[in-house]
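Worksheet: the structure to be examined is printed underneath.
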Amino acid sequence: MSFNGFSGEALKFLFENRMNNSKEWYDSHKPDYKKYVYVPFVELIKELTPAMLEIDQQIITIPSKLISRVRRDTRFTKDKTLYRDNAWIVFLRDKSIMSTSPSFWFGITQKGSSYGVGFYGVETSSMANMREMIIKRHPLFMDALACYESQNKFVIGGDMYKRSKFPDQPENLKLWLDRKNIYFESVQEGFNLAFSKELPDVLRQDFLRLKPIYDFLSMLAAYGG
């Protein structure tokens, strides 16, 4: 099999699964989940695997470890809704160290899709290392900066401090320096990309393009000045 795009049936299943919010409903419709959500993600991962290993040989490419769970973890949240209406894949080295390991992702929602690279959550020490590397104009940062500023598809994101900690730095560097977390995201309103069989080619090309940023983020936990 090969990836032929996601479909409206995938969105319908995810939406109805969330609305019914029932293990019994999910269990009775599990074949729909496999057919319309899980299998397309597996095929997408297979087509992306060579490029992801070219970016980083340590990236995990086993589909069962990359595809988001259908059921939410409600132990530590006030929202006790059992099921979500979106789904995604995450490429990274080790899920147990998501706070120190950047990841690539692609996800679908009821409104469209998004993909990019960055941290799900990041340790304050890694962000401190990032700021030091930026201030020192470390070569890896300069490559990442050139990568970001040479394109217009991805937008830098992550919560920012209310007041700049580096008021004397250039504005383009403060976009990085003043963040509590950091990621680079391309958002698609609608489903032209997600429903297209060209999706693997688009992701492959763009993820490879983001490699300098990924390489920089991957060094943050290990940087020692």
Original post:
Under 27 Å Cα-Cα from residue 12, which lysines qualify once same-chain neighbours fewer than 8 residues away are excluded?
Top reply: 23, 30, 34, 35, 46, 65, 78, 80, 111, 197
Original post:
residue 182's amide H: which non-local residues (gap 5+, or another chain) put their own amide H closer than 5 Å, with H modeled 1.01 Å from N in plane and none for Pro or chain starts?
Top reply: 119
Original post:
Is it possible to state the helix-based mean residue ellipticity at 222 nm for the chain, with each DSSP H run of 4+ residues giving -39500 (n - 2.57), the sum divided by total residues, to the nearest 500 deg cm²/dmol? What is it?
Top reply: -12000 deg cm²/dmol
Original post:
Considering only protein heavy atoms and a 1.4 Å probe, what is the carbon-and-sulfur percentage of the accessible area of the chain?
Top reply: 51 percent
Subject >> Those trypsin sites (Lys or Arg not before Pro) in region 1-84 that DSSP places in a loop and that have at most 11 other beta carbons within 10 Å >> reply: 69, 75, 78, 80
Original post:
When the Kirkwood hydrodynamic radius is evaluated over all pairs of different C-alpha atoms of region 8-219, what value in angstrom, to one decimal, is obtained?
Top reply: 18.5 Å
**OP:** Write down the accessible area per residue of region 1-128 in Å², having rolled a 1.4 Å probe over the full set of protein chains.
**Re:** 52 Å²
**OP:** Between 14, 173, 44, find the one with the highest GNM mean-square fluctuation for the chain; connect C-alpha pairs within less than 10 Å.
**Re:** 173
Original post:
Excluding same-chain residues fewer than 8 positions from residue 180, which lysines have a Cα within less than 18 Å of its Cα?
Top reply: 162, 165
**OP:** For region 1-104, run through the chymotrypsin sites (Phe, Trp or Tyr not before Pro) and keep only the ones in DSSP coil with at most 12 other Cβ atoms within 10 Å of their Cβ.
**Re:** 76
Subject >> Of every Cα-Cα pair in region 157-223, the percent that sits beyond 18 Å >> reply: 56 percent
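The values are calculated or read from the model by the stated rules, or taken from the named source; none is laboratory data. Since the structure is predicted, the reported quantities are computational estimates derived from the model, not experimental observations. As a convention, Cβ positions derive from the backbone with ideal geometry for all residues, glycine included, and neighbour counts pool all protein chains shown. Accessible surface is based on the protein model in full, side chains and every heavy atom, while ligands, DNA and RNA are left aside. Shrake-Rupley method; radii C 1.70, N 1.55, O 1.52, S 1.80 Å.
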